Ligand SMILES: *Cc1c(COP(=O)(O)O)cnc(C)c1O
């Protein structure tokens with residue numbers, strides 16, 4: 001079995017080769033290591049390989065790890081799970097990024113609860129395939145929510161995030177990523193500070209990068225499969 005160190009290395013190599021293959025600039029795609037349900041010792045193994053961005057899905061679990069690893073202040077912590085109103089304070093006080101914003105109400109709470117000294121980076125989650133039960137705003141509502149978030153002084157809008165529908169053909173999936181890229185490009189004309197398009201996971205990374213992703217979120221391929229799901 002490969003070690004975490006070896007898997008970080010091969011994830012970086014896959015990102016690099018997909019980036020080259022798509023004729024994109026080297027280092028234009030970042031790796032977010034998704035460490036949900038995994039112990040801090042696993043995070044440290046990835047950290048020793050130079051990995052600095054980590055994603056967590058569950059508030060309580062994420063905050064415990066952030067506080068435990070407080071001394072490693074060069075880590076960027078991304079909240080990538082569904083976020084309810086009653087949990088915003090912990091997220092505002094501990095994380096560096098929130099990738100799952102799809103309501104102004106949540107953004108306003110985070111803004112009010114964030115210290116003015118360091119802004120919280122925000123991605124709007126887009127329900128790109130118009131799935132019934134999925135979080136995220138419909139594509140035609142992105143511009144308005146972006147405009148509203150841009151008014152909030154303690155947040156910085158950095159871009160968009162999506163989780164595409166499962167079970168799409170390779171062709172449909174590529175089209176989905178292309179639609180996201182178009183939305184992202186249009187939005188960055190109005191909001192020039194935008195620089196992050198978070199899409200692609202362990203098994204669809206190649207086409208996400210071909211479609212313009214600037215951040216892939218990789219869990220299983222680095223830390224192995226997840227046996228248990230921790231509570232929120
Ligand atoms: C768990 C998770 C990932 C990582 O998924 P893997 O299949 O383990 O690579 C990426 N993004 C989000 C939003 C997740 O919840």
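Bear in mind that the values in this text are calculations on the coordinates, not laboratory data. Bear in mind that the values here come from a model prediction, so they are computed numbers and not experimental data. Cβ sites come from the backbone with ideal geometry, for glycine too, and all protein chains shown count toward neighbours.
For the chain, treating each Cα as an identical point scatterer without solvent, what Debye log10 I(q)/I(0) comes out at q = 0.08 1/Å?
The calculated log intensity ratios at q = 0.08 Å⁻¹ are -0.27.
Given a cut-off of under 8 Å on Cα pairs at least six residues apart, what relative contact order in percent is computed for the stretch 80-189?
Working: 168 pairs, mean separation 27.3, N = 110.
Relative CO of the stretch 80-189 lands at 25 percent.
Grab the eigenvalues of the alpha-carbon gyration tensor for the stretch 1-80, scale each by 5, take roots, and send me the semi-axes largest first in whole angstrom.
Details: eigenvalues 121, 39, 24 Å².
Those come to 25, 14, 11 Å.
222 nm [θ] for the chain, helices only, -39500 (n - 2.57) per DSSP H run of 4+, per residue, to 500?
On the way: 9 runs with 94 residues, N = 232.
Dividing the helical sum by the residues of the chain leaves -12000 deg cm²/dmol.
Quick one: Kirkwood hydrodynamic radius for the stretch 160-216, alpha-carbon pairs, angstrom, one decimal? Numbers along the way, then the final one.
Values: mean 1/r = 0.0883 Å⁻¹.
For the stretch 160-216, inverting the mean 1/r across all distinct Cα pairs yields 11.3 Å.
Quote to one decimal, in nm, the extra length available between residue 131 and residue 3 on full extension: 0.36 nm per residue of separation minus the C-alpha distance between them.
Taking residue 131 through residue 3 to full extension adds about 42.4 nm, to one decimal.
Just to verify a number: FRET efficiency for residue 68 and residue 151, C-beta to C-beta distance, R0 = 30 Å, to 0.05?
Values: r = 35 Å, r/R0 = 1.16.
Rounded to the nearest 0.05, the efficiency is 0.30.
Can you check how the C-alpha radius of gyration of the stretch 65-190 compares to 2.2 N^0.38 Å, as a plain ratio?
Numbers: Rg = 15.3 Å, N = 126, 2.2 N^0.38 = 13.8 Å.
Normalised Cα radius of gyration, the stretch 65-190: 1.11.
Between residue 40 and residue 104, how high is the FRET efficiency from 1/(1 + (r/R0)^6) when r is the Cβ-Cβ distance and R₀ = 41 Å? Nearest 0.05. Before the final figure, lay out each step's value.
Working: r = 34 Å, r/R0 = 0.83.
So, using R0 = 41 Å, E works out to roughly 0.75.
Would you order 114, 52 from fewest to most other beta-carbon atoms within 10 Å of each residue's own beta-carbon?
52, 114
Under 15 Å from a point 7 Å along the Cα-to-Cβ line of residue 23: which residues of the stretch 195-220 have their amide N that close?
210-212
Does anything in the stretch 123-158 have its amide N under 18 Å from the 7 Å Cα→Cβ label point of residue 169, and if so which residues?
129
How high is the relative contact order of the stretch 44-138, in percent, with contacts defined as C-alpha pairs under 8 Å that are six or more residues apart? Please report the intermediate quantities before stating the final value.
Working: 140 pairs, mean separation 21.1, N = 95.
Dividing the mean separation by the residue count of the stretch 44-138 yields 22 percent.
So what's Rg/Rh here for the stretch 24-118, counting alpha carbon atoms and using the Kirkwood radius for Rh?
On the way: Rg = 13.8 Å, Rh = 14.0 Å.
Rounded to two decimals, Rg/Rh equals 0.98.
If I take every Cα pair under 8 Å that is 6 or more residues apart in the chain, average their sequence separation and divide by the length, what percent do I get for the relative contact order? Each step should come with its number before you reach the end.
Details: 417 pairs, mean separation 50.1, N = 232.
It comes to 22 percent, rounded to a whole number.
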